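Just so you know, all these numbers are worked out from the coordinates, no wet-lab data involved. This structure is a prediction, so every number in the text was calculated from the model and none was measured. Cβ atoms come from the backbone with ideal geometry, glycine included; neighbour counts cover every protein chain shown.
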Amino acid sequence: MPNFSEISDGLNMPLVDAMQTQRAIRRLLPDPVDDETLLRCLELATKAPSGSDLQAFEFVVVRDPDVKHQLARLNRQAWSVYRRLAKFDKRGRTESAARIMDAVQWQADHFEEVPVVVVACARGLGVPFVPVWNSTLYGSVYPAIQNLLLSARSMGLGATLTTLPLWSSWLARRTLGLPIGVTPVAVIPLGWPRGHYGPTTRRPVEESIHLDRYGNRAFLKPEGS
């Protein structure tokens, strides 16, 4: 597989191209990802803004088969429940949703084969029933995760964000040896894709925009216009 010197030019990809072709890549090859490539992705992740510039993010890089196996077990436990619940969701009955479900199932079946799993964490503890605190805690990490995903995309790596292995924060902490003051936020399996990137399909942006109050779709053109 390519090393960093062979793919580093990908970091010159125009940002808009990376954004428009970024997608969740769940089917990954077992081939290794070299340390230099991984470290560059994580270095770019740390360039993201964070609350009060505390840089309260930590990354646990998992290569050990035993640790991956434990994360895979947690992932499959959560997925087994989510998969059953999804059958009752009408939104999950489209062809697109079926393809996503198949990909998530594939990832669950092959989780241990992923060459590297990055667990993004926040320094701090969530506080039950205090949404603003938890939003601040997680919000200081997610920009770094997006930077990680975009840098991976630019160099041709496949990646996706999942929280299924974190359904039990306590079990995830025990698996990763996290101290009580560090909270796991997201899991990013990372590797060389079996498929390929390409333009994504999204509903028109006007359908997602509300002006001043929810429901006021001021930018949505009337039908037939």
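Can you name every residue in segment 41-51 that is surrounded by fewer than 17 Cβ atoms within 10 Å (Cβ to Cβ), touching a residue at least 24 places away in the same chain (Cβ under 8 Å) and out of contact with any Pro (no Cβ under 8 Å at 6 or more places or on another chain)?
46, 47, 51 - these are the residues of segment 41-51 that are surrounded by fewer than 17 Cβ atoms within 10 Å (Cβ to Cβ), touching a residue at least 24 places away in the same chain (Cβ under 8 Å) and out of contact with any Pro (no Cβ under 8 Å at 6 or more places or on another chain).
Taking only segment 189-209 into account, find how many residues are surrounded by 13 or more Cβ atoms within 10 Å (Cβ to Cβ) and in a loop (DSSP other than H, G, I, E, B).
Count: 3.
With 195, 177 as the choices, which residue is at positive phi and under 23 Å from the mean Cα position of the chain (by Cα)? So that I can check it myself, show each step before the final result.
Details: 195 fails: at positive phi.
Going through 195, 177 in turn, just one is at positive phi and under 23 Å from the mean Cα position of the chain (by Cα): 177.
Taking segment 147-172 as the search range and keeping residues that are out of contact with any strand residue (DSSP E or B) (no Cβ under 9 Å at 6 or more places or on another chain) and farther than 16 Å from residue 197 by Cβ, which one is surrounded by the most Cβ atoms within 10 Å (Cβ to Cβ)?
Among residues in segment 147-172 that are out of contact with any strand residue (DSSP E or B) (no Cβ under 9 Å at 6 or more places or on another chain) and farther than 16 Å from residue 197 by Cβ, the one surrounded by the most Cβ atoms within 10 Å (Cβ to Cβ) is 147.
Which one is nearest to residue 143 (Cα to Cα), of the residues in segment 49-85 that are in contact with a strand residue (DSSP E or B) (Cβ under 6 Å, 6 or more places away or on another chain) and charged (D, E, K, R)?
Once the filter is applied, the top-ranked residue is 58.
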